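Each value in this text was obtained by applying a stated rule to the coordinates, not by laboratory testing. Because the structure is predicted, anything quoted here is derived from the model rather than measured. Cβ placement follows ideal geometry from the backbone for every residue including glycine, while neighbour counts extend to all protein chains displayed.
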Amino acid sequence: MWVASNGGFNVVELKCSCGGTAKRVSDIEYKDLAFSGWRCSKCKEEMVDPYQANLYLKYAKLRKEGKLKVKVRKIGNSLVISIPSVLRELLALKEGEEMKLELTKEGVIAKV
């Protein structure tokens with residue numbers, strides 16, 4: 001059980017049920033992704049930020065339903081794709097941010 005000292009989840013530290021203190025981290029790995037959350041310094045239990053967990057669940061649902069397909073559009077001499085809002089929020093992407101593109105035998109990989 002986790003207790004937020006100010007009643008919310010936008011805190012730096014949480015009290016863990018083991019009696020330890022969980023500090024804010026940004027390296028909790030789940031399904032090859034890194035999430036923010038809290039890790040107890042005593043028992044090492046991790047809790048993913050509920051907002052990010054909810055975004056991931058929305059992403060997983062859209063992926064399962066096949067709704068993460070995007071169309072390629074032309075703007076000027078360039079081709080563009082729109083990134084769905086749930087991915088934008090999950091990856092914390094901002095307008096103007098650069099992405100690297102890599103060509104693999106599976107297709108194109110975009111990296112933030």
Study note, to complete from the structure: Contact order relative to length for the chain, counting C-alpha pairs under 8 Å separated by 6 or more residues, stands in percent at 12
**Study point:** Length gained when the stretch S36-A53 is fully extended (0.36 nm per residue, less Cα-Cα span)
**Key:** 5.2 nm
Review point. Can you pull the Rg over Rh of the chain, Cα-only, Kirkwood?
Key: 1.09
Point to revise | Length gained when the stretch E97-S17 is fully extended (0.36 nm per residue, less Cα-Cα span) | key: 24.8 nm
Review point. Cα axis of helix 50-64 to longest principal axis of the chain: angle in degrees, 0 to 90, nearest 10?
Key: 40
Point to revise | Integer Hz, Karplus 6.51/-1.76/1.60 couplings in order for segment 100-112, x for Gly and Pro | key: 9, 10, 10, 8, 10, 5, 7, x, 9, 10, 9, 10, 8
Practice item. Enumerate the lysines that K69 could reach by cross-link, defined here as Cα to Cα under 25 Å, with residues fewer than 8 away along the same chain left out. Key: K31, K58, K61, K94, K100, K105, K111
Review point. Fewest first, what order do I75, I83, I109 take by the number of other Cβ atoms within 10 Å?
Key: I75, I109, I83
Check your understanding: Can you list residues whose amide H is under 5 Å from S36's amide H, if they're 5+ apart or on another chain and H is modeled 1.01 Å from N?
Key -> D49
Review point. If the chain between R88 and V112 were fully stretched, how many nm would it gain, using 0.36 nm times the residue separation less the Cα-Cα distance?
Key: 7.6 nm
Exercise for review: Count the net charge of all other residues whose Cβ sits under 15 Å from the Cβ of A60, scoring Lys and Arg as +1 and Asp and Glu as -1.
Suggested key: +3
Review point. Which is the longest run of the chain containing none of the GluC sites (Glu not before Pro) found in DSSP loop states (not H, G, I, E, B) with at most 12 other C-beta atoms within 10 Å?
Key: 1-64
